[in-house]
Amino acid sequence: MFDLIDISEETVKCMEDGFYIHDGKKIPLDIPKCREVKVYDPGWNEKSVRMERSYDTVFSVTSDDTTSAILKEKESERTAVLNFASAMHPGGGFLTGARAQEEAISRVSTLYYSIASKEGYVMYQENRKRGGRFYLEYMLFSPHVEFFRTSDFSFLPKPVVTSVLTVPAPNRNRFSLSETELDEVLSKRIERMLSMALDNGNKNLILGAWGCGVFGNDPYQIASAFKEALTTTFDRAFSRVTFAVLPSKRDNNYEVFKEVFEK
């Protein structure tokens, strides 16, 4: 059994050192690039993004965790991965042993160095001050995240580079939200998220059951909101969209996403 706090500390140490060890060899991490982040504040106009409808989008729902889906992706550098983000703390509780999706990908990559940077931290500060019931429309784009461990924390022979979209979902468990309010917020936030990916030249997406864990959102509502956006406003804008949804006895997220995207 792994001690998740120890694993997180080991990952942070690798970032501090600028390398990790695989088969007795030092494998470098490009830390200056890994620290890069673009902040998209609430004033950003997502409708300003130029959209080319040049793909016959392929949708898939896989029984992978996010990291496994990334490691299977053959065009990782043209792929944007969604981080199911905490609005208050970079990496959520990854340093304290929490187990959700953001924590899982933070433990195996350089993501934390990007979103916890001085530039990225503004999103968390502003949400703590005045986030309200839905959180503010801040998002972070990390253009160069190096995944250097597998889901079981083994070190990779070479890091896999991808970009990451850090976007908090509305927290349904914390606040009382009407269905109408929630539909409106989800529609806008997903539009902004997908526009951010296009704004940075991404052609593929790895998404998932965003906000369907501790935030308590309905997987059918989330899956339907994604499908609506990706088949109307963003129709043919992406080449490949993968929903990585790990099956669990605790929920039906995987089954719901399969149903929504295969009907």
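Details
- Inter-centroid distance (Cα atoms) of region 177-224 relative to region 1-62, Å: 19
- Using 0.36 nm per residue and subtracting the Cα-Cα separation, the extra length available between residue 250 and residue 68 on full extension is 63.5 nm.
- Distance-filtered residues of region 138-176 - backbone nitrogen under 14 Å, label point 7 angstrom along residue 25 Cα→Cβ: 156-159
- Stretch gain in nm, segment residue 232-residue 263, where the contour uses 0.36 nm per residue and the Cα spacing is subtracted: 9.5 nm
- A cut-off under 9 angstrom between Cβ atoms defines the neighbours of residue 242, and their net charge, with Lys, Arg +1 and Asp, Glu -1, is 0.
- Value of Rg to Rh for the chain (Rh from inverse mean 1/r over Cα pairs, i.e. Kirkwood): 0.94
- Label-point separation, residue 156 to residue 179 (7 Å along Cα→Cβ), nm: 4.2
- Shape of region 45-117, Cα gyration tensor, a/c cut at 1.5: oblate
- Annotation: extensible slack from residue 96 through residue 187 equals 29.5 nm (criterion: 0.36 nm per residue apart, minus Cα-Cα distance).
- Residue 60 paired with residue 17, simple spin-label distance in nm, labels 7 Å along Cα-to-beta-carbon: 3.5
- Choice from 203, 13, 33 showing the highest fluctuation, given a GNM over the chain with Cα pairs closer than 10 Å: 13
- Per-pair calculated FRET efficiency, R0 = 22 Å: residue 50 and residue 136 via Cβ, rounded to 0.05: 0.30
Every number here is computed from the coordinates shown, using simple stated rules; none is lab data. Every value quoted in this text rests on a predicted model; they were computed, and no experiment measured them. Here the Cβ is made from the backbone with ideal geometry for all residues, glycine too, and neighbour counts use every protein chain on show.
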